[in-house]
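Below: the structure, in structure tokens.
The values are calculated or read from the model by the stated rules, or taken from the named source; none is laboratory data. None of the values given here were measured: they were computed from a predicted structure. All Cβ positions, glycine included, derive from the backbone under ideal geometry; neighbour counts span all protein chains shown. Ligands, DNA and RNA are stripped out before the accessible areas are found, and what is left, the full protein with its side chains, is counted by its heavy atoms. Shrake-Rupley method; radii C 1.70, N 1.55, O 1.52, S 1.80 Å.
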Amino acid sequence: MDPLEALLAERACERLVLGFVHRLDLGEPSSVADLFTEDGVWRWPEGDRLVEGRAALGAYFGARPADRLSRRMMANVLVTVDSPAEARATSYFTTYRVDGHTGGMVPAGPPVQIGHYEDTFREVDGTWMLSTRTLFLPFGGPTPRQRPSAA
């Protein structure tokens, strides 16, 4: 690959990493499945969670609680382009979230997760897509529930 092609591939993969969390936090969670190849895989080795295929991914992420408020901070996104059609990345994330959100600002608290993703990407018909995403979570805890405000 020439340097410009490699740079464009890196940027496309980085946008997938960021687009994933944007869709979870600010968009329609089930739509993250559209970022994956048809045979895409999401795995979380802790607890042997494995979701395979775009339809299953849409159902899995679409099952997120409707009253969940979350924000993920992504950092240290390092993409390596291995060929004109394959790449991989490691990226770090911090997740803040609360269930039971009914609106307004939530008092800041500690993050509920800190970890990293290891991703593989494939170019399909001129578009880069996530092929696999593996979540590693060395720091995690339960999602707190917001207390109803006193009326």
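Remark: relative contact order (segment 1-129) = 23 percent; criterion is Cα-Cα distance under 8 angstrom and separation of 6 or more residues.
Take every DSSP beta bridge with both residues inside the chain and express the antiparallel ones as a percent of the total, to the nearest 5.
Counting only bridges with both partners in the chain, antiparallel ones make up about 90 percent.
Applying both filters, DSSP loop and at most 10 other Cβ atoms within 10 Å, to the chymotrypsin sites (Phe, Trp or Tyr not before Pro) of segment 52-150 eliminates every site. Protein heavy-atom surface of the chain, 1.4 angstrom probe: 55% of the accessible area is carbon and sulfur, with nucleic acids and ligands not counted. Convex hull volume of the C-alpha atoms in segment 47-86, normalised per residue: 159 Å³. Shape class of the chain from the Cα gyration tensor (axes a ≥ b ≥ c, square roots of the eigenvalues): prolate, since a/c reaches 1.5 or more and a/b is larger than b/c.
Keeping all protein chains in place, calculate the accessible area per residue for the chain (probe 1.4 angstrom), answer in Å².
58 Å²
The local environment of LEU69, defined by Cβ-Cβ distances under 13 Å, has a net charge of +3 under the rule Lys, Arg +1 and Asp, Glu -1.
Roughly speaking, what is the stretch gain from THR94 to GLU5, that is 0.36 nm per residue apart minus the C-alpha to C-alpha distance, in nm to one decimal?
Full-extension gain reported as 29.0 nm.
Quick check on segment 2-53: take the gyration tensor over C-alpha atoms, sort the square-rooted eigenvalues as a ≥ b ≥ c, and tell me if it's rounded (a/c under 1.5), prolate or oblate. Here segment 2-53 falls in the prolate category.
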